[in-house]
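Contents: one structure, followed by commentary.
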């Protein structure tokens, strides 16, 4: 037998491990800050670079793509080499993957703080960064596939299946969702509008959770959990069913984020049906993990790594049960737009992703530094602090979400809204926000304990950059019969192609009718394009991430039409690039806010919300009153909108700035009549123009008395 000698590259694992720890602390610290900001508005410091709207996407992206992302790469680079008995295909590609990913994260962090954002959930990066992400991801994929192709192990273990599906699907999701037309280096508009943009965004948003926060972590679970418990995975057959059913079904479920919205009913129903089907494969994976530990509970008592894994996999099971339940329309009607949704999300992120990452790091660092963990007691303390932090974070948010929803929907015996002022509901749940911030702080403290423990572990060990290994060369067999899944496990290219087909079907079925059948998005004659000033105001709204707290979607519930006005129609959003329907209401819905308040009210509200709404937790935006509106890109914006099909008249771009100035002067004059002196070229004027436009394109005639 020809035994080949080679070495595993632990240096790349070390780099990604260190990055995981550092970015984890950064992302969690920002998360704790925004948890306090949401009920202590003075912590926004009245500075545009530190507002909740600017740093909330910073928190989500750093935690998802920096902490979890680097954790995925660390786990994959270590396990893939051992599973294939091969060094990574290219050390150069490994380095490009690492340094490129860190550069991308830093660029994202800087641009979000500067207000350079597309406003799309989990995909806020502008087009140059999108290209950077695609290039780095492809480099990772080539490195991974190349390693699999040169493997010395005949069959691909189940973890590799999930790694392959992750690479393929994330590439498809990112590319499709990020198609946009640049206005400048820092500004673009997506090619999709309104309902279509919402469908694509939540097809991406839901499946970013599925294929960035779930499938790679399932691959890590299938490798690191059996290693920690020192026994094989419970069921090979269950892993086959788990994998193929999960990747096929998951891709269909995105529309469940848009129930009771302006999305066509058939698409909403598809999302609901496939979301309910997801319970089976998701729990199949959970049970496969937990049953692997069955009979070894005595080890769990003594092994902090297994403690993290048990709670992580349990949290995965809880989150993947709750997700399908939230896709039921009666449950969704109660929970959507409330704090119930962040609670659900954080069961997954803090419980599943966070705890599994911690457990993996506690197992991995001693391995590559060739030592024992510095302190099992500290690791156990971290486990209990993190678990307590998780519980203290999510429980009050479930309570807050239920409180919000019931108060929003409450009517008096006379049929009048019991709490017509949205702020009443906000003030009731402030104590829950306080408790949530304590939970987040505990979770961060636990992570800091981990940093110390891992540092001391590395300090007492001796790092092995190139770990010597040997294995027989893989002998190619030509007499295989196509009679089982084993045949596919020997053929990574065919496996990848079949996985691609499985993940494409759902998206194609949902997209083609929505984009090609006009009756799905009926037009409304009275809906006109935004004026240049309104368009600039909309871009300011996006820059400040106002959609993080305000929705623009009135659902067809009596409680919402009584509170906000006529429910939203699909045809009202045909010129919205991007859509701004939102996913949470920390503040009231704004789709019908146009004309409800005076220009003076909006001006004073942005200057200091508490002078118009005592007790408001909204940040102040004083810079909008001082900063001059930049109209240098207005011509380009109109041209791009025309390319996207917005019906501005031929040559209108040449008179857009003049029209903008006329409308701005009208608003400034009205403010002057109210006793407020403001120049017409200030950003606040553009934002007021946009807010006053919202929801005014359609007029609903009152019912006639008969």
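A compact table of results
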item: Unmet criterion (only one of (1) touching a residue at least 40 places away in the same chain (Cβ under 8 Å); (2) surrounded by fewer than 19 Cβ atoms within 10 Å (Cβ to Cβ); (3) touching a helix residue (DSSP H, G or I) at 6+ places or on another chain (Cβ under 6 Å)) for residue 681; result: (3)
item: Residues of region 234-287 classified as within 30 Å of residue 553 (Cα to Cα) and part of a loop (DSSP other than H, G, I, E, B), total; result: 10
item: Scope region 631-644; condition part of a loop (DSSP other than H, G, I, E, B) and touching a residue at least 12 places away in the same chain (Cβ under 8 Å); matching residues; result: 631, 633, 644
item: Filtered residues of region 594-618 (kept if assigned to a loop (DSSP other than H, G, I, E, B), over 23 Å from the mean Cα position of the chain (by Cα) and crowded, with 21+ Cβ neighbours inside 10 Å); result: 617
item: Unique match (being surrounded by fewer than 16 Cβ atoms within 10 Å (Cβ to Cβ) and assigned to a helix (DSSP H, G or I)) among 658, 689; result: 658
item: Criterion (in contact with a helix residue (DSSP H, G or I) (Cβ under 9 Å, 6 or more places away or on another chain), assigned to a helix (DSSP H, G or I) and either farther than 20 Å from residue 163 by Cα or not assigned by TED's automatic domain parsing to the domain that holds residue 221 (or both)) met by exactly one of 47, 58; result: 58
item: Flag if residue 366 is touching a residue at least 24 places away in the same chain (Cβ under 8 Å), more than 16 Å from the chain's Cα centre (by Cα) and either surrounded by 24 or more Cβ atoms within 10 Å (Cβ to Cβ) or under 19 Å from residue 79 (Cα atoms) (or both); result: yes
item: Count of region 454-466 residues which are more than 30 Å from the chain's Cα centre (by Cα), closer than 17 Å to residue 372 by Cα and not in a loop (DSSP other than H, G, I, E, B); result: 6
item: Residues of region 128-150 classified as surrounded by 21 or more Cβ atoms within 10 Å (Cβ to Cβ) and touching a residue at least 60 places away in the same chain (Cβ under 8 Å), total; result: 4
item: Positions within region 465-494 being touching a strand residue (DSSP E or B) at 6+ places or on another chain (Cβ under 9 Å) and modelled with pLDDT of 90 or more, in sequence order; result: 465, 466, 467, 468, 469, 470, 471, 472
item: Single unsatisfied condition, residue 442 versus (1) in a helix (DSSP H, G or I); (2) over 30 Å from residue 308 (Cβ atoms); (3) under 33 Å from the mean Cα position of the chain (by Cα); result: (2)
item: Given (1) at pLDDT below 95; (2) more than 17 Å from residue 696 (Cα to Cα), number of the condition residue 539 does not satisfy; result: (1)
item: Qualifying positions in region 531-544 - surrounded by 22 or more Cβ atoms within 10 Å (Cβ to Cβ) and part of a loop (DSSP other than H, G, I, E, B); result: 544
item: Which listed residue is surrounded by 23 or more Cβ atoms within 10 Å (Cβ to Cβ), over 17 Å from the mean Cα position of the chain (by Cα) and over 30 Å from residue 552 (Cα atoms), from 86, 90; result: 86
item: Residue among 79, 86 that alone is closer than 24 Å to residue 153 by Cβ and part of a helix (DSSP H, G or I); result: 79
item: Some residue of region 306-319 being in the same structural domain as residue 382 (by TED's automatic domain parsing), over 24 Å from residue 172 (Cβ atoms), outside any helix (DSSP H, G or I) and over 20 Å from the mean Cα position of the chain (by Cα); result: no
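The values are calculated or read from the model by the stated rules, or taken from the named source; none is laboratory data. From a predicted model like this one, the values you see are computed outputs, not experimental measurements. Positions of Cβ are backbone-derived with ideal geometry, glycine not excepted, and every protein chain shown enters the neighbour counts.
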